[in-house]
Amino acid sequence: MYNDLITFYSKTPPNKWVLDDYTIKHYEDNSVCWDDLEVYLKIEDWKITNFAFDGDTAIITTACASILWENIIWMPVEEVLEKDYDYIESLIWMPVSTRRKNAAVLWLLTTINAIYEYLGQDKRLDFDDLIP
């Protein structure tokens, strides 16, 4: 069902823990598959310098959150705000079924909403903003 990349990261997520020295944390859930996710971001000089997550997550959510970690470290926050489902698909090298797209973007949704909160903006995205 999933490729080797998804399977590997879902079984051995390198950044699934509670980050103690975070700049901001944010919680979101996915009522479709009952995932809940809290992300912890360390932001310095307008760049993500560390990222961790915790929660009760499905295979695809866990894997995508771990793959994200490797790809957003040192990324400017403005660049993260531009990402969407297509970015996720490019990282995992496979399309996700319509039913699982919310699970695949949960980490990104949570991260973007955390950044908006960090920036003091009263903006909040939902799944429809990230999935075409």
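Nothing in this text is a laboratory measurement; each read-out follows from the coordinates by a stated rule. Computed from a prediction, not measured in an experiment: that's the story for all the values here. Using ideal geometry, Cβ is built from the backbone for each residue, glycine included, and neighbour counts are taken over all protein chains shown.
How big is the charge dipole of the chain about its Cα centre, in debye rounded to the nearest 20, if each Lys and Arg gets +1 on its Cβ and each Asp and Glu gets -1 on its Cβ?
Here the size comes out at about 360 debye.
Through the Karplus equation 6.51 cos²θ - 1.76 cosθ + 1.60, θ set to phi - 60°, convert the phi angles of region 125-132 into ³J(HN,Hα) values in whole Hz; use x for Gly and Pro.
Along region 125-132, the couplings run 8, 10, 4, 5, 6, 10, 10, x Hz.
Ranking VAL105, VAL18 by Cβ neighbours within 10 Å, fewest first, what do you get?
Lowest count first: VAL18, VAL105.
Using 0.36 nm per residue, how much length does the chain from THR98 to THR49 gain when fully extended, once their Cα-Cα distance is taken away?
14.5 nm
Summing Lys, Arg as +1 and Asp, Glu as -1, what charge do residues with Cβ under 13 Å from the Cβ of LYS47 carry, LYS47 excluded?
-3
Just tell me, in residue order, which DSSP H segments of the chain are both 24 angstrom or longer along the helix axis (alpha-carbon based) and at least -1.0 in mean Kyte-Doolittle hydropathy.
101-118
Could you work out the pair-distance distribution P(r) of the chain from its alpha-carbon pairs, with 10 angstrom bin width and percents rounded to whole numbers?
Over the chain, the share of Cα pairs per 10 Å bin runs 13, 50, 33, 4, 0 percent.
In region 25-132, what trypsin sites (Lys or Arg not before Pro) fall in a loop by DSSP, with at most 14 other Cβ atoms inside 10 Å?
Counting only loop positions with at most 14 other Cβ atoms within 10 Å, the trypsin sites (Lys or Arg not before Pro) in region 25-132 are LYS123, ARG124.
Once amide H atoms are built 1.01 Å from N in the peptide plane, which residues 5 or more positions from ASP35, or in another chain, come under 5 Å H to H?
Long-range HN contacts for ASP35: ASN30.
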